[in-house]
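K.L.:
Below you will find the structure I want to go over with you.
Nothing in this text is a laboratory measurement; each read-out follows from the coordinates by a stated rule. Values in this document were obtained by computation on a predicted structure and should not be read as measured data. Heads up, the Cβs are rebuilt from the backbone with ideal geometry, glycines too, and the neighbour counts pull from every protein chain shown.
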Amino acid sequence: MTKIWNRHFETMPREQMRQVQGERLRDTVERIYYNVPYYREKMQQKGLGPEHINTIDDLKKLPFTTKQDLRDNYPYGLFAIPMTEIIRLHASSGTTGRPTVVGYSRHDIGVWSEVMARTLTAAGAGKDDFIQIAYGYGLFTGGLGLHYGGEKIGASVIPISGGNTKRQLQLMEDFGSTVLACTPSYAAYLAEAIEESGIQRENLKLKIGVFGAEPWTENMRREIEKKLKIKAIDIYGLSEIIGPGVSFECEHQCGLHINEDHFIPEIIDPETLEVLPEGELGELVFSTVTKEGLPLIRYRTRDLTRLNLETCACGRTLVRMNKCTGRSDDMLIIRGVNLFPSQIESVLLEMDETTPHYLLVVDRIDNLDTLELHVEVEDRFYSDKISELQALRMKIQHHVESTTGLSVTVKLVEPKTIERSEGKAKRVIDKRKLI
Ligand code: DLL
């Protein structure tokens, strides 16, 4: 039978869940109204007081929160409890300006461990497992998030942190790691490194991967699963909401279950800000309803996905979100055409000759956007014959153009020359933004 960490909440009938969410929302709104001046003002501007929020249906009355609001109140302005009650700080770097700072009370660390215990249990991990945590430890939430969850389920946690690939492989073999936790791009890199190291796969005990923190496609999943001979599970989260542990896949790999007794999701149209009906694609928004340190109401993630309320084959009733393959702010607009880097990744992984290691270089020359794709060729297809490489270049160009509708210049590069990432991968250089 499917193992479920918290059967009560993870399989709760939907109507009961809405009840729980409504009660918790009411409590959270009361706390932020009295403790966070920023929220009090925003609610007052809308003519709202805590008495107006009674059920989950009242959620849509509340104002949104954005990353900019966190920046404007840097570092601690949105915290809802005194600093004496905050026992941990994390931060996410972001692309511009100041980091976003998040704070946890002891209770919050408990919530985080709980949702991570659910995540790891759904991935198939338990007491007998050795979890190699190759997410970065530090201000990034990946390392410590997985760490507390791993300890909570009673697994043996190996807090190796990111990087130092040689050591990762040595410990993986010597310590008998059964679960690998890292970004999918680092997992792809480790798979390559294992092939090169001469380590025999049968000497490794690896069986599960818990990968997240960046978008990755189904094709990438299949590639990693094949190369590492493991089951690769997608996990999603963001620092502002708690870190990893917001949602997780189960063994059926058909959408990520959201821990919605703690984080209530909505999908909105990013332009009109209207809430969209179940199943429609839009921007994911979360309200935290159990957090004490930094409760956030209707936080706009910028991640694009859709929700599915059907009960999963695993028995969980928790609403599922689709794999996130793009963010509204990752989307490139090239000559008016929308392009997500994940579309390129998918094309490359469908071809035998190429690896998922690529770099998109976008520029503007004479007022016209240009798109250049640097692709690494699989070792065995890298040839000295110019004509063969030329044919391959044309083939990739054709595939990319027919999938995306954009003309592209393809540059083939030698195997292992595109920089590997030990954390989140960088796939795009947009020179238009640098000007
Ligand atoms: O990346 C938390 C995390 C750590 C999640 C380890 C999973 C595993 P941030 O650094 O704040 O937090 O980045 C959050 O990363 O808004 C998404 O755009 C992206 N992201 C996270 N997980 C996934 C995923 C952590 N599974 C931002 N698929 C989010 C796609 C993801 N994107």
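K.L.:
How much net charge surrounds residue 270 when only the other residues with a Cβ under 15 Å from the Cβ of residue 270 are counted, with Lys and Arg +1 and Asp and Glu -1?
P.N.:
-3
K.L.:
Shifting gears a bit: Relative contact order of the chain: what whole-number percent is it, with Cα pairs under 8 angstrom and at least 6 residues apart?
P.N.:
On the way: 861 pairs, mean separation 60.6, N = 435.
Relative contact order here is 14 percent.
K.L.:
Turning to a different aspect of this structure: Between residue 428 and residue 201, how high is the FRET efficiency from 1/(1 + (r/R0)^6) when r is the Cβ-Cβ distance and R₀ = 25 Å? Nearest 0.05.
P.N.:
Given R0 = 25 Å and the Cβ-Cβ separation, E is 0.15.
K.L.:
Here's a follow-up. Once you charge only the Cβ atoms, +1 for Lys and Arg and -1 for Asp and Glu, what is the size of the charge dipole of region 332-434 about its Cα centre, to the nearest 20 debye?
P.N.:
The dipole magnitude comes to about 400 debye.
K.L.:
How large is Rg/Rh for region 156-305, to two decimals, with Cα atoms and a Kirkwood Rh?
P.N.:
Taking Rg over the Kirkwood Rh, I get 1.05.
K.L.:
Report, to one decimal in Å, the Kirkwood hydrodynamic radius for region 103-166 based on all distinct Cα pairs. Intermediate results must be reported in sequence, preceding the final value.
P.N.:
Details: mean 1/r = 0.0841 Å⁻¹.
Computed over Cα pairs of region 103-166, the Kirkwood hydrodynamic radius comes out at 11.9 Å.
K.L.:
Sequence gap at least 6, Cα distance under 8 Å: using those rules, report the relative contact order of region 49-149 to the nearest whole percent.
P.N.:
Numbers: 83 pairs, mean separation 22.2, N = 101.
Taking the mean separation of contacting Cα pairs over the length of region 49-149, I get 22 percent.
K.L.:
Going by average Cβ density within 10 Å per residue, which order do the peptides 262-268, 290-296, 220-226, 363-369 take, highest to lowest?
P.N.:
Values: 262-268: 21.6, 290-296: 24.0, 220-226: 18.3, 363-369: 10.4.
Put in order of decreasing packing, that is 290-296, 262-268, 220-226, 363-369.
K.L.:
In Å³ and rounded to a whole number, note down the convex hull volume per residue for the Cα atoms of the chain. Please list the in-between numbers first.
P.N.:
Values: hull volume 65.3 nm³, N = 435.
Cα convex hull per residue, to the nearest whole number: 150 Å³.
K.L.:
Can I ask one more? Of 231/416; 3/416; 231/426; 152/229; 226/291, which pairs sit farther than 28 Å apart, going by alpha carbon to alpha carbon? Present the calculation step by step, with values, prior to reporting the outcome.
P.N.:
Numbers: 231/416 25 Å; 3/416 40 Å; 231/426 25 Å; 152/229 26 Å; 226/291 39 Å.
The answer is 3/416; 226/291.
K.L.:
Quick check: Cα centre of region 135-196 to Cα centre of region 399-424, how many Å?
P.N.:
Comparing the Cα centres of region 135-196 and region 399-424, I get a distance of 27 Å.
K.L.:
Please compute the modelled spin-label separation between residue 401 and residue 151, points set 7 Å along Cα→Cβ, answer in nm with one decimal.
P.N.:
5.7
K.L.:
For the chain, what is the mean residue ellipticity at 222 nm derived from helices alone (per DSSP H run of n ≥ 4: -39500 (n - 2.57); sum divided by total residues; nearest 500 deg cm²/dmol)?
P.N.:
It comes out at -10000 deg cm²/dmol, rounded to the nearest 500.
K.L.:
Pulled fully out, how much extra length does the chain show between residue 219 and residue 274, if you take 0.36 nm times their separation in residues and subtract their Cα-Cα distance?
P.N.:
16.5 nm
K.L.:
Please provide three numbers in whole Å: the alpha-carbon extents of region 261-329 along the principal axes, with the largest listed first.
P.N.:
Each principal axis gives a Cα extent; for region 261-329 these are 33, 30, 20 Å.
K.L.:
Then there is this: Compute the distance in nm between two label points, each set 7 Å from the Cα along the Cα-to-Cβ direction, one at residue 419 and one at residue 19.
P.N.:
Rounded to a tenth, the inter-label distance reads 5.4 nm.
K.L.:
Same structure again: Tell me, what is the Rg over Rh of region 332-434, with Rh the Kirkwood radius over Cα pairs? Working shown, then result.
P.N.:
On the way: Rg = 13.5 Å, Rh = 14.1 Å.
Rg divided by Rh gives 0.96.
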